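Throughout, read-outs are computed from the coordinates displayed, never taken from laboratory work. Please read all numbers here as calculations on a predicted model, not as lab measurements. For neighbour counting, all protein chains shown are included, and Cβ atoms are generated from backbone atoms with ideal geometry for every residue, glycine included.
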C-alpha cells in the first residue's frame, strides 16, 4: 500500500513542500530504505523510527519491503523532523488506514515513542497557513510555537501512541491553544542611570533607537562605551507583528526558541566576540544556516572592539547594511537570508586607547595610529549614520560633580521620558510607512526621502553648505537627511528645520 504524507524542507529561512511517500510491498526481500537525497540524520532515523513504533505497542512490518521517498527527489533533505511523517506513513500503510487529509506531520521521535522538541515548528505552521492545509501534528513542546496562527489546527503530541489513537478514532485530540509568554529582553542589565554623564552619547543613542540608525562610539577605555551599548537594548520599541514573524522564523530554524516558547516580541541584541568566524558571522555552513547578522534581524548587532574584528568580516557588512539581506551561494543552491539590523559598534581611538585622553599620554606612533584607522575603510564609515566621540572624565571639571552626586537609583522619570519619545517616534514612522514595506527612517529609499523628509529653505541651505565644506558623498547626504527626519520626529516636528540638520551634521562629521 502507498501512503503520502505532507512535510517540508528548510532552505535557509524559506520552506519548500515535501511529500513523504511510504510504500509497503509484500514481495521482495524485507528491507527499510529511505531515498530522495536524505542526509545522515535522516538515514539514521530508520532504527529510531522502528524502535519508537515498537515501543509504542504498534507492530512494525519487519517482514515487508518498506520504501520511503522524499519528493522532490532531486532536492537535498536534512533534519530530524521527518521522523513523525515517516512513522505515520508506515503505520497507516501497514494497517490500511487513510491518514488525515490536509494535514502535515512534523517532529523528532525518541526511542520510547515520545516526541522531542523540534526546531522549525514556526516555519512549518507558517507555511501550512500559506498553502491552505488545515492541520499540523507535532511535538507538544513545539506546539506553542506553531499555535500563534489561528487559521490552522495545531495538535500537540506527547507520544506516537496518541497519534495512532487519534487517526484510528479511539481518541480525539483537541487542538492546542497558544499560551502567550513573556519574551521581553533578558539581557538588559544596565539602566540609563548607571552610565555617569555622557549626555551627548545618550542623545545619539536615543536618535539611533528611534530611527534605526547605525552608530559608532569612539572613546578611551573606561568611558562607558560597553555600558551604553547594554543600556541601548532597553530603549528599543517592541517588534511589530510583521517584524515579530520575521524574527521568529530565523530563531525557529536555528533552534533558539526553547521548548514551550512562542512568538518573539523583543528586538534581538547580538554581541558576537571579535574572534567569530566568517560563516558564523555572515551565515553559511552545510546546510546553510543564518549567521549573527541574521540573528540580529530587526534588532541590534553590537560589535565591541570593532577594529579587532577581521577585516574581511567588517568589509562583508557593506551589502547587508545597505540592502538588509545577504545572499549565500553554494554549488548546489543559493539562499537569501534577511539581516536588517542596527549596527552599534564601539572602539578605541588608537591601539593604546588614549589618543584624546586629557591626562594619560598616548604611546602609539603615527604609523600605528594610521594602520589602526585603516582597519575601518571609507565605505564602512560612510554607511554609519552617527559617529560619537565620547569624552573621558576630568575630576577638576564639572564631571567631578557628576561622579560624586551620582545616584545609584537614577532618575526614572527622565529614563521614561526618553523611552516614551522613542516609542512615539516609532508610531509616527509606522503611520508614515504604512503598507509600503519600510519600517524605520533609516530604511527609506531616496524616493521616500523626497516624499517624507521635507526640508525648509534654511535647512536646505545649511545642508548644501555642509556637503560642499566637508566633501560628503551622496550616501552621506541622504543619511544626514534621514537622521534629521528622526530628530524632527522625536520633537514632534513636521518639516526638517536647521536645528535638526545641525544636530545630524555633528554626528556625521565626527571622525575616527
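Quote to one decimal, in nm, the extra length available between residue 168 and residue 438 on full extension: 0.36 nm per residue of separation minus the C-alpha distance between them.
92.3 nm
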So for 473, 114, 26, fewest C-beta neighbours within 10 Å to most, what's the order?
26, 473, 114
Can you compute the FRET efficiency between residue 59 and residue 330 using 1/(1 + (r/R0)^6), with r the Cβ-Cβ distance and R0 = 51 Å? Round to the nearest 0.05.
0.75
So residue 200 and residue 23, fully extended at 0.36 nm per residue minus their Cα-Cα distance, gain in nm 56.8 nm
Remind me, relative contact order of the range 192-429 in percent, using alpha carbon pairs under 8 angstrom and six or more residues apart?
31 percent
Compute from the Cα atoms of the range 444-512 the Rg and the Dmax, the latter being the longest Cα-Cα distance, and quote both in angstrom.
11.1, 33
How many times 2.2 N^0.38 Å is the alpha carbon radius of gyration of the range 255-312?
1.25
Using packing as a proxy for protection, rank 493-502, 203-212, 168-177 so that the peptide with the highest average count of other Cβ atoms within 10 Å comes first.
203-212, 493-502, 168-177
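With runs of 4+ DSSP H residues as the only contributors, calculate the mean residue ellipticity of the chain at 222 nm using -39,500 (n - 2.57) per run, divided by the residue total and rounded to the nearest 500.
Result for the chain: -11000 deg cm²/dmol, rounded to the nearest 500.
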With the convex hull built on the alpha-carbon atoms of the range 193-257, volume per residue in Å³ sits at 125 Å³
If you scale each eigenvalue of the Cα gyration tensor by 5 and take the root, what three semi-axes come out for the range 1-131, rounded to whole angstrom and sorted largest first?
23, 16, 14
State the Cα centre-to-centre distance between the range 217-279 and the range 73-125 in whole Å.
32 Å
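Report D for the range 192-429 in µm² per second (integer): Stokes-Einstein, Kirkwood Rh on Cα pairs, 4 °C, 1.567 mPa s.
This corresponds to a translational diffusion coefficient of 67 µm²/s.
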Could you check how many percent of all C-alpha pairs in the chain are farther apart than 46 Å?
26 percent
